[in-house]
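The values are calculated or read from the model by the stated rules, or taken from the named source; none is laboratory data. Small disclaimer: the values here were computed from a predicted structure and weren't measured. All Cβ positions, even for glycine, are placed from backbone atoms using ideal geometry, and neighbour counts span all protein chains on display. Note: accessible area is taken over every heavy atom of the protein model, side chains too, but ligands, DNA and RNA are not part of it. Shrake-Rupley method; radii C 1.70, N 1.55, O 1.52, S 1.80 Å.
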Amino acid sequence: MTRTWDIFCSVVDNYGDIGVCWRLARQLSSELGQSVRLWVDDLASFRRVCRDVDPALEIQQVYGVEVWHWSEAMAAVQPADIVIEGFGVRLPDNYLAAMAERRPRPVWINLEHLSAEPWVEGCHGLPSPHPALPLVKHFFFPGFTAATGGLLIERELVQARDAFQSNAGAIAGFRNGLGITSGADGALCVSLFCYNNAALPALVAEWSAGELPIVCMVPAGRALDQLSAIVGHRIEPGSCTVRDKLTIAAIPFLDIDQYDRLLWACDVNFVRGEDSFVRAQWAARPLVWQAYVQKEDAHIAKQAAFVDRYVDGLDEPTATAMRSIHTAWNRQSPEIARCWRAFMARRQAAAVHAQAWAGRLAGGGNLAIKLAEFCRNRLE
Ligand code: TRH
């Protein structure tokens with residue numbers, strides 16, 4: 001049955017919030033036939049992950065989703081059947097009041113951040129009554145097990161990935177399209193998307209001096225800025241910078257579908273935050289994840305909880321290499337050079353495991369489908 005949805009997204013300082021909200025909105029509309037209104041406070045950032053967005057428009061249709069520019073003076077609208085706050089964003093008071101007035105009252109969801117930590121199962125789905133209004137919000141946690149909300153995955157994703165990864169011509173065409181016309185053959189292809197990381201200089205030194213030719217594909221952004229500082233000159237997207245065995249291939253910031261292809265095309269993906277982290281797992285290639293840095297080292301526990309799950313079923317030396325490289329990268333330690341060498345020594349096993357892991361991930365369920373079911377069961 002078609003329901004109406006309002007999804008609210010505030011772009012904090014990065015792209016994960018809009019990446020997740022857009023992916024969810026698009027999937028609810030195109031695969032589940034839902035009527036979706038997506039409210040976004042920063043259309044310029046949205047345009048970076050989806051080229052079809054026009055930042056000048058207050059209201060527009062994008063792939064069947066009605067996108068509204070969410071400004072402070074929000075228009076008085078009738079709330080939808082289902083209201084989603086992306087990552088605890090605060091809903092405007094007039095909209096909350098309209099939700100309380102509406103009959104039947106909307107199902108109200110706070111879509112939470114992803115974590116592999118065990119406590120998530122106990123918090124997924126919990127209700128939280130509004131202190132003053134007759135409204136109840138439910139917490140919906142993405143996660144890796146059947147007792148959580150699962151992960152976002154589009155219906156055709158696995159098929160599209162497998163077709164791409166088994167087609168050398170498609171991969172070469174994709175690289176050519178990014179302007180990478182030489183250096184990639186026979187080299188290890190690595191994509192790099194990270195926060196400023198004090199371990200990056202040591203990693204670059206290791207990649208340059210190592211035995212293996214490496215092409216590091218870096219979309220424009222913070223990682224490229226830091227690489228520019230490391231090599232001592234501004235690296236422009238579209239250019240290649242060679243340091244001994246390392247070629248830094250700077251590319252533009254891609255839209256989210258092209259970014260998937262980058263992950264599918266690479267042998268190892270350095271990813272960060274939440275959405276690129278999940279996409280790298282679906283890419284079925286080894287990944288190195290930098291968790292979003294939090295106070296009191298909360299991100300270290302978060303990273304370790306994921307790696308604990310991830311290494312299940314791996315042989316001990318590969319599991320140790322996987323743990324060590326994640327610890328060094330997230331602790332931003334120069335130990336990264338040694339850890340990279342150890343990781344490379346277990347490269348084949350890590351690649352086989354990444355395939356198996358991508359297959360296992362589906363066990364946690366499809367987030368959009370689980371969310372739609374969760375809401376359907378709560379509609380008055
Ligand atoms: O941008 P992020 O650091 O987002 C983070 C996290 O979501 C974090 O949980 C949140 O609290 C914080 O923002 C405020 O990393 P993430 O989650 O990987 O999101 C990046 C998005 O950008 C993802 O949807 C993929 C997309 N992307 C592209 O579309 N093209 C690109 O070239 C690249 C590098 C990324």
* Label region 157-363 by shape, choosing from rounded, prolate and oblate, from the square roots a ≥ b ≥ c of the eigenvalues of the Cα gyration tensor; if a/c is under 1.5 it is rounded, and otherwise prolate applies when a/b is larger than b/c, oblate when it is not. => rounded
* Residue-normalised accessible area of region 157-363, given per residue in Å² at a 1.4 Å probe -> 40 Å²
* Structure fact -> quick note, region 76-157, DSSP beta bridge pairs, % antiparallel (nearest 5) is 25 percent
* Asked: Taking H as built 1.01 Å from N, whose amide H comes closer than 5 Å to the amide H of residue 238, not counting residues under 5 places away?
  -> 250, 251
* Asked: Calculated from DSSP H runs of 4 or more alone, at -39500 (n - 2.57) each and per residue, what is the 222 nm mean residue ellipticity of the chain, nearest 500?
  -> -12500 deg cm²/dmol
* What accessible surface, in Å², does a 1.4 Å probe find on residue 230, ignoring ligands, DNA and RNA and rounding to the nearest 10? -> 60 Å²
* Asked: What is region 157-363's relative contact order, in percent, from Cα pairs under 8 angstrom and six or more apart in sequence?
  -> 20 percent
* Go through 244-250, 8-14 and give me the packing order, highest mean Cβ count within 10 Å leading. => 244-250, 8-14
* Asked: Taking springs between alpha-carbon atoms closer than 10 angstrom, which of 200, 188, 114 fluctuates most in the Gaussian network model of the chain?
  -> 188
* What are the ³J(HN,Hα) values, in whole Hz, obtained from phi via the Karplus relation 6.51 cos²θ - 1.76 cosθ + 1.60 with θ = phi - 60°, for each residue of region 159-172 in sequence order, with x given for Gly and Pro? -> 4, 5, 4, 4, 5, 5, 5, 9, 10, 4, x, 5, 5, 4
* Tell me, how many Å apart are the Cα centres for region 154-188 and for region 236-296? -> 14 Å
* Could you sort 95, 259, 63 by accessible area so the largest value comes first, with the probe set to 1.4 Å? -> 63, 259, 95
* To do: Compare 123, 194, 216 in a GNM of the chain, Cα atoms joined below 10 Å, and give the one with the largest fluctuation.
  => 123
* Asked: When the Cα centres of region 110-131 and region 320-370 are compared, how far apart do they sit, in Å?
  -> 25 Å
* For the chain, modelled as a Gaussian network with Cα springs under 10 Å, which listed residue fluctuates most, 181, 327, 318? -> 181
* Report, by chain and number, residues whose modeled amide H sits under 5 Å from the one on residue 62, excluding near sequence neighbours (fewer than 5 apart, same chain). => 67
* To do: For region 303-319, take each phi angle, set θ = phi - 60°, evaluate the Karplus expression 6.51 cos²θ - 1.76 cosθ + 1.60, and give the result in whole Hz per residue in order, putting x for glycine and proline.
  => 5, 5, 5, 5, 4, 4, 5, 4, 7, 4, x, 7, 5, 4, x, 6, 4
* **³J(HN,Hα) computed for each position of region 355-361 - Karplus, 6.51 cos²θ - 1.76 cosθ + 1.60, integer Hz, glycine/proline x** => 5, 5, 4, 4, x, 5, 4
* To do: Mind listing the long-range amide H neighbours of residue 292? Cut-off is under 5 Å, sequence gap 5 or more, other chains count too, H placed in the peptide plane at 1.01 Å from N.
  => 273
* In percent, how large is the relative contact order of the chain, given Cα pairs closer than 8 Å and 6 or more residues apart? -> 15 percent
